Protein chains: 4
Amino acid sequence: MPTDHINHNNHLTAEWVKQFRPYAKEGKCASYIPALAEKDPNQLAISIIGTNNDEMKAGETTELFTLQSVSKVVTFILACMERGLPYVLERVDVEPTGDTFNSIIRLESHQPGKPFNPMINAGAITVSSMLDGNSPQEKVSKILQFLEQIVGKELKVNEEVYQSEWQTANRNRSLAYYLMDSGFLDCPVEEALEVYLKQCAIEVNVSDLAMIGLVIANDGYHPLLNKQLFPKQVAKLAKALMVTCGMYNASGKFAAFIGLPAKSGVSGAILVAVPSHAGLDSPFPAGCGIGIYGPAIDTIGNSVAGVNLLKHIATEWNMNIF
Amino acid sequence: MPTDHINHNNHLTAEWVKQFRPYAKEGKCASYIPALAEKDPNQLAISIIGTNNDEMKAGETTELFTLQSVSKVVTFILACMERGLPYVLERVDVEPTGDTFNSIIRLESHQPGKPFNPMINAGAITVSSMLDGNSPQEKVSKILQFLEQIVGKELKVNEEVYQSEWQTANRNRSLAYYLMDSGFLDCPVEEALEVYLKQCAIEVNVSDLAMIGLVIANDGYHPLLNKQLFPKQVAKLAKALMVTCGMYNASGKFAAFIGLPAKSGVSGAILVAVPSHAGLDSPFPAGCGIGIYGPAIDTIGNSVAGVNLLKHIATEWNMNIF
Amino acid sequence: MPTDHINHNNHLTAEWVKQFRPYAKEGKCASYIPALAEKDPNQLAISIIGTNNDEMKAGETTELFTLQSVSKVVTFILACMERGLPYVLERVDVEPTGDTFNSIIRLESHQPGKPFNPMINAGAITVSSMLDGNSPQEKVSKILQFLEQIVGKELKVNEEVYQSEWQTANRNRSLAYYLMDSGFLDCPVEEALEVYLKQCAIEVNVSDLAMIGLVIANDGYHPLLNKQLFPKQVAKLAKALMVTCGMYNASGKFAAFIGLPAKSGVSGAILVAVPSHAGLDSPFPAGCGIGIYGPAIDTIGNSVAGVNLLKHIATEWNMNIF
Amino acid sequence: MPTDHINHNNHLTAEWVKQFRPYAKEGKCASYIPALAEKDPNQLAISIIGTNNDEMKAGETTELFTLQSVSKVVTFILACMERGLPYVLERVDVEPTGDTFNSIIRLESHQPGKPFNPMINAGAITVSSMLDGNSPQEKVSKILQFLEQIVGKELKVNEEVYQSEWQTANRNRSLAYYLMDSGFLDCPVEEALEVYLKQCAIEVNVSDLAMIGLVIANDGYHPLLNKQLFPKQVAKLAKALMVTCGMYNASGKFAAFIGLPAKSGVSGAILVAVPSHAGLDSPFPAGCGIGIYGPAIDTIGNSVAGVNLLKHIATEWNMNIF
């Protein structure tokens, strides 16, 4: 893709951000911790990165935000690398539920209480508990290293966010102790929670998100590093999970009307992985990663402006895996 | 694709059927009605049809079987054509549930009782109720006509199967009356059930299934008729539903490990739609439809030999939408 | 009890009715059928009958109303007489649920789907299905005969109410078909529903209710007929069910704060059975039956003025089984 | 009651214990902690104490065992005394559920997550959290003092049992953190749990249990101390709760077939309160308390031999509140 094209497209993304920013009014910043509640709800940023590192971006692209639930994809991939698929799948299923992200009902109603998928809190806490490392710090370091390799720069945990999350983590503690009781936790509850909440508090910008999306889109192959970072099968599985369970209990509607593997977080982050074959007519025919940030979320937990912006792009560029 | 290639491939499918037929032993024919219970559990048939009508097939390809839940995809598409998407989506959601196909719990636990998706019985009965026609016969005629246009031959309802289903339909009646009570049924219960159970009892063979799959794969365009039979958006939506909810409460695992839009029925039928971009390296780079029949099903309702055969093909031919 | 005393007490009940009638404003008449919706919400009537036929009454005591759920106690007793306890208890449990009267969730979530108790719709429909008789008419006749023997006069089904109920019975049909599917219905669904809905539409006044309550209070012995109408064990069981499940999902609170066996109906009826030992200090030391009618019900289904009036009497007269 | 009568009755209870001890074979000692698992499953002891301190007893009457869930009645009464009924009832409802004692589903499915009653773990933990005291030790001291006043001797927490419970309390922790998250916990989780688990580990013998039962039976009045220990209304409420929710999810059956206020624990303890009016024909016409210990419990959590023994006594002596 020639630079001109990208410049042209940067105008395009700027236009789009302008067009979709007003949708933020239909949502609200997450309010359960101050660090999220105090964000500017009108922000909207996007980055799209292709296999040859072409990037289109617009909006508050330097704004840092926490991964929140987007991290669930990352640690799931890491756990599969460290433990192997059979080990992971013995402890967490890959079925969508239609329930809210923090639901506990199914752990009791479906014996033996195996979490249904790694994209809801219960499953993600189980995944965090099985990461490699002798301490929460070690485990979190491995997550950071894995992500830093992908984004090519140092990342860190936002300590303020982490501390706030830690103090309001009662529902997650409830989930974790339930999992512990039924045998689906690999390490002590407080360790698993520390890892889980720290992974949620890792800070990135939209370009970082887009880069993560690009590697997933590329089946684990990092086009800039010329390196396979994780197995193709794990990447496919991650994308399947993003489609069936990635957008909380609006995943079905997202698949139906947008049709791209994506994972959202209550910070307003959306990670999108567009496989090459899903965007043959787009400016990124070899696939791309998309990172979006729009902190005003709907009641389900997804960025309102972000989802609308993404729907527009997917339609405009005819990107859809179905 | 030259004929030689296909002949070669027919040997291949014959080989595959031979290889995967023994998996049937791990399942059992559906037992709730005699017409299904008496089927030969060891049968296994497959047909794969490409855009230029090339067909690879093997096994009991002339065996007739009833669509059962596979019909849910068909009537959903038809309802969208007849009523328009907004009308349909107001009455049935498109979220996966993780519940069994005949579950009623969510109709009560999630107000206002809108069925979660059209691939479970509750949603499919709602869809059947909204089809166009002044009588169940008229509605069923329209379903048959729609399907006959796709497969290019006359189809009919297996009356024996229908009668048996009708007499054992208490659980479906329970669902239908519940839907009626909460306002999610467009016609009287008995009419909706007649349509629903007759659509389930439509008889096809694997080539018919493959042809239906081909048109869905092709976004509603029938390559032999050179005709757009239904809107592209409806086809995409149907494929999204097949991926998120098509294989009962094993849909997540199917998406994760096979990664193709598919819909199964308790008759042992599996309908698969492989979009062009999902099979670029396969003998059907422009996409294909796959029909499978293997009546021995697992406890969830999916053909055991069929799923294993499909997994093998998807892997061999590198077909995957993710 | 001398006549003077009762006359004095009639002034008392009149006073009480006057005092508690205004509570009706906090409720509303049931609205799902016109025959109930059109009732005068401000009516309040009470009858208290002792073992020597002394009656205290006040308010609209000649007003006829339908039994609705109050009939559940009656048919449960009748089924126990006709089939014997073991037969009945094999088909319906006696556990309270905390769920609404028309809930279906537990039939699916607690295998094998045996209804939890005969005071919720599911259980009551099962009970109706097991009554003796070759037709719904015969079964309803037996219910009427049983009740007529108790109240000493002819009773009949309010046809208008029955017809309205029949036409809006979708939720009950849903329950009945579910029960049929899991094997907890003894006769065809439509027959069971006809019996169930007709028993609900039997018309009585508060004196009739009080007389039914008196016989239950007296462990099945009718003091005026000098006759044991049903076994003591069945009467005890009925009273236990009234305490644990008789007031819909407010039964626990009713037991906690009023402490008397009672069964309510959405018509605003309340049947109360005060065993002799529970009212030793009351004007009815040998026990009594209480019938109350106050059609303005709360969201749970209980007469607002009726429950408050009853609480007052129980406190004043120190009547409590605990 | 003359001493002769009681001596005669002691022979009777000895006879009964002999007769019902074999029922223990149908149960098993609770196995989740060693201290309970190692108990002798064949033990069976009973004490019945009347208002004039007459005691009938038999079996292993000096055996000490922990209160477990029986303590829920005690702390509920204490909380009502310390905080007043309105405060307590704002934080815990009094409705039976039909669910297992450690179920968490209803906290999520019934907003705002108020525990349904104080006899299930969720409700009992809430109650423990609202007890008066600046530390868990202080709160436990108050429970012990309250009980010691009743039984007239020093009681203590079995530290071994408490330590074991503490280490296996994951499910209770899950409940407690859930309650904390929804605002139904009055103190930090670990404090509430310490109080809850220590109250469960208080050691008594059957005579102690019987004495507690006697005071509850007597509406809070201690006949030996000639002192009202807690308000009559609280005692009535406690007995109502024992009837509707006291025997885990077999409470309905226990009420139906035995008809006495009772509370069981997984240690095999059963506390029974027989109000005066419920046993007019028994050797204890002024009411009595019954304590039973039989560590072999059924799958629901109730002592098998204990329940059968109690049913026999209730029948023989015609004791029943209904």
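Based solely on C-alpha atoms, express the radius of gyration and the Dmax of chain C in angstrom.
Over chain C's Cα set, Rg and Dmax evaluate to 18.1, 58 Å.
Measuring label to label, 7 Å along Cα→Cβ, what does B:Pro188 give against each other copy in nm, shortest first?
Going from nearest to farthest copy, the values are 1.5, 6.7, 6.8 nm.
Rounded to the nearest whole Å³, what is the per residue volume of the convex hull around the Cα atoms of the stretch A:70-200?
Working: hull volume 12.9 nm³, N = 131.
Output value, Cα hull per residue: 98 Å³.
Classify the stretch D:16-108 from the C-alpha gyration tensor, please: rounded if a/c falls under 1.5, else prolate or oblate depending on whether a/b exceeds b/c.
Note, shape of the stretch D:16-108 comes out oblate.
Under the classification rounded if a/c is under 1.5, otherwise prolate if a/b is larger than b/c and oblate if not, where does the stretch A:228-312 fall, given a ≥ b ≥ c as square roots of the Cα gyration tensor eigenvalues?
Details: a/c = 1.80, a/b = 1.42, b/c = 1.26.
Verdict is prolate for the stretch A:228-312.
Taking N as the number of residues in the stretch D:130-188, what value does Rg over Cα atoms divided by 2.2 N^0.38 Å take? All intermediate terms of the calculation are to be shown ahead of the outcome.
On the way: Rg = 13.9 Å, N = 59, 2.2 N^0.38 = 10.4 Å.
Here the Cα radius of gyration is 1.34 times the empirical estimate.
Just to verify a number: FRET efficiency for A:Leu85 and C:Glu38, C-beta to C-beta distance, R0 = 56 Å, to 0.05? List each step's numbers first, then the result.
On the way: r = 65 Å, r/R0 = 1.17.
Computed FRET efficiency for A:Leu85 and C:Glu38 comes out at 0.30.
Would you mind calculating the relative contact order of chain B from Cα pairs under 8 angstrom and at least 6 residues apart, reporting the percent as a whole number? Intermediate results must be reported in sequence, preceding the final value.
On the way: 723 pairs, mean separation 82.0, N = 322.
Averaging sequence separation for qualifying contacts and normalising by length gives 25 percent for chain B.
How long are the semi-axes of the equivalent ellipsoid of the stretch C:166-322, defined as square roots of 5 times the Cα gyration tensor eigenvalues? Whole Å, largest first. Provide the component values of the computation, followed by the final result.
Numbers: eigenvalues 167, 71, 41 Å².
After scaling each eigenvalue by five and taking roots: 29, 19, 14 Å.
Need one number: convex hull volume per residue for the stretch C:66-128, Cα atoms only, in Å³. Walk me through the intermediate numbers first.
Details: hull volume 4.8 nm³, N = 63.
Cα-based convex hull of the stretch C:66-128, divided per residue, equals 76 Å³.
Net charge near D:Gln137, counting Lys/Arg +1 and Asp/Glu -1 over other residues with Cβ under 14 Å of its Cβ? Intermediate results must be reported in sequence, preceding the final value.
Working: positive: D:Lys139, D:Lys142, D:Lys156, D:Lys198; negative: D:Asp132, D:Glu138, D:Glu159, D:Glu190, D:Glu191, D:Glu194.
Taking every other residue near D:Gln137 into account, the sum is -2.
Can you pull the mean other chain C-beta count within 10 Å for peptide C:230-236?
Details: counts 0, 0, 2, 4, 0, 1, 8.
That works out to 2 on average.
Rounded to the nearest 500, what is the 222 nm mean residue ellipticity of the protein assembly as shown from helices alone, with -39500 (n - 2.57) per DSSP H run of 4+ residues and division by all residues?
Details: 56 runs with 606 residues, N = 1288.
So the calculated ellipticity at 222 nm is -14000 deg cm²/dmol.
If you consider only alpha-carbon coordinates, what radius of gyration and Dmax does the protein assembly as shown have, in Å?
Using the Cα atoms of the protein assembly as shown, the pair Rg, Dmax is 33.8, 110 Å.
Along the Cα→Cβ direction, 7 angstrom out, place labels at D:Asn318 and D:Asn226. What is the inter-label distance in nm?
A separation of 3.3 nm, rounded to one decimal place.
Output the peptides D:310-317, C:92-99, A:264-271 sorted from most to least packed, where packing is the average of other Cβ atoms within 10 Å over each peptide's residues. List each step's numbers first, then the result.
Numbers: D:310-317: 18.4, C:92-99: 25.1, A:264-271: 28.9.
Highest mean packing first, the order is A:264-271, C:92-99, D:310-317.
Got the D:Leu225 label distances to the other copies yet, label 7 Å along Cα→Cβ, in nm, shortest first?
Computed spacing set for this position: 5.1, 7.1, 8.7 nm.
When Lys and Arg each count +1 and Asp and Glu each count -1, what net charge do the other residues less than 12 Å away from C:Ser182, Cβ to Cβ, add up to? Please list the in-between numbers first.
Numbers: positive: B:Arg171, C:Arg91, C:Arg106, C:Lys114; negative: C:Glu108, C:Asp181.
Summing Lys and Arg as +1 and Asp and Glu as -1 gives +2.
Using alpha carbons only, how many degrees (0 to 90, rounded to 10) separate the axis of helix B:206-217 from the longest principal axis of chain B?
80
Along each of the three principal axes of the Cα atoms of the stretch C:165-209, give the extent in whole Å, ordering the values from largest to smallest.
Its Cα atoms span 40, 21, 13 Å along the three principal axes.
Return one number: the angle in degrees, 0 to 90 and rounded to the nearest 10, between the long axis of the Cα atoms of helix C:170-181 and the longest principal axis of the Cα atoms of chain C.
For helix C:170-181, the angle is close to 50 degrees.
Provide the FRET efficiency to the nearest 0.05 for the B:Gln233-A:His11 pair, computing r from the beta carbons and using R0 = 25 Å.
Numbers: r = 28 Å, r/R0 = 1.13.
Calculated value: 0.35.
How much FRET efficiency would the formula 1/(1 + (r/R0)^6) give for C:Lys25 and A:Asn53, where r is the Cβ-Cβ distance and R0 is 51 Å, rounded to 0.05?
After rounding, the FRET efficiency stands at 0.10.
Can you list, shortest first in nanometers, how far D:Gly152 lies from the same residue in the other copies, with each label 7 Å from Cα toward Cβ?
5.2, 8.6, 9.8
In degrees from 0 to 90, rounded to the nearest 10, what is the angle of the helix C:71-83 Cα long axis to the longest principal axis of chain C?
On a 0 to 90 degree scale, this one is about 60.
No value in this document is a laboratory result; all are computed from the given coordinates. Given the structure is predicted, the values throughout are model-derived calculations rather than measurements. Cβ atoms come from the backbone with ideal geometry, glycine included; neighbour counts cover every protein chain shown.
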